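Contents: one structure, followed by commentary.
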Amino acid sequence: MENILRKTRIVIAEDHEVFRDGLLMALQRRSHIFEVVAEAATGYQTLEACKNEKPDILILDLHMPGDLNGFQVLQNIRRDGLLIKVMVLTADPQGADVIVSRLGADVCLAKSLSREEIMDHLEKLSESQINIKVSHRQSTTYNPETAGNSQVKTLSPKELAVLEAAARGKDTAAIAQELVIARGTLYVHLNSIYRKLGVNSLPQALSFAYRNNILPAPR
């Protein structure tokens, strides 16, 4: 009987307080199913919560402040063999299939979905019945083939170095410091990368880089 009545234990990793509170309220409305055991606003807090609380599911934002972003949190969870299902929430769902298939998330959803839609997916995930890997609304389909591999060859060594640093979870300040360039110069490189790869953001650029073997797949 205990196993039947056991609630699904949740860790929420989200640095935006208003959005996090919205998730918490939605989870509380389904308190017969879910129990929030920890909240985290940084990557390190997230890892600590996962190791200490051993939740069933982690709700993970990809873009958190500090030296450890959501991408690296996910990599660390899988590398350490933590048996946690991961629901990624992102404001930029393009390339989400890469996050799911290569980084090891169980499902990736757009933050633009309603709280109830997110809860429905979460409930399915808790029941191990989810078979939808990517769900997003009103987002342009991202097809890396349309960008063309020829564009990859036009990336400069400095632009490749920017991507490599970003893949290691460095924020813009840390990347600029590591490459010994001004922040303004870094943004020039980023805009050039986006233009050449036909993307609009750093997550999309990283997704493109993983797809096209510009960067090695995360392990």
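The values are calculated or read from the model by the stated rules, or taken from the named source; none is laboratory data. Everything numeric in this text was worked out from a predicted model, so none of it was measured. Cβ atoms come from the backbone with ideal geometry, glycine included; neighbour counts cover every protein chain shown.
For region 65-99, the candidate set comprises residues that are among the charged types (D, E, K, R), assigned to a helix (DSSP H, G or I) and modelled with pLDDT of 80 or more; within that set, the residue that is surrounded by the most Cβ atoms within 10 Å (Cβ to Cβ) is R78. Only one entry of D21, D56, D67 meets the criterion of being without any contact (Cβ under 8 Å) to a residue 24 or more places away in the chain and of a type outside the set (F, W, Y), and that entry is D21.
Being within 15 Å of I57 (Cβ to Cβ), surrounded by 14 or more Cβ atoms within 10 Å (Cβ to Cβ) and modelled with pLDDT under 70 is a property that holds for I130. Inside region 157-205, residues that are assigned to a helix (DSSP H, G or I), within 20 Å of T42 (Cβ to Cβ) and in contact (Cβ under 8 Å) with a residue 60 or more places away in the chain make up a count of 3. Flag: N52 does not match the condition of being of a type outside the set (K, R) and closer than 23 Å to A173 by Cα. As a summary of the residue check, R102 satisfies the conditions (1) in a helix (DSSP H, G or I); (2) at pLDDT 80 or above; (3) touching a helix residue (DSSP H, G or I) at 6+ places or on another chain (Cβ under 7 Å) except for the one numbered (2). Identification of helices (runs of 4 or more DSSP H) wholly contained in region 1-61 with 1 or more residues that are more than 17 Å from L109 (Cβ to Cβ) and among the aromatic types (F, W, Y) yields 43-53. Of the set (1) surrounded by 15 or more Cβ atoms within 10 Å (Cβ to Cβ); (2) at pLDDT 85 or above, all apply to Y210 but (2).
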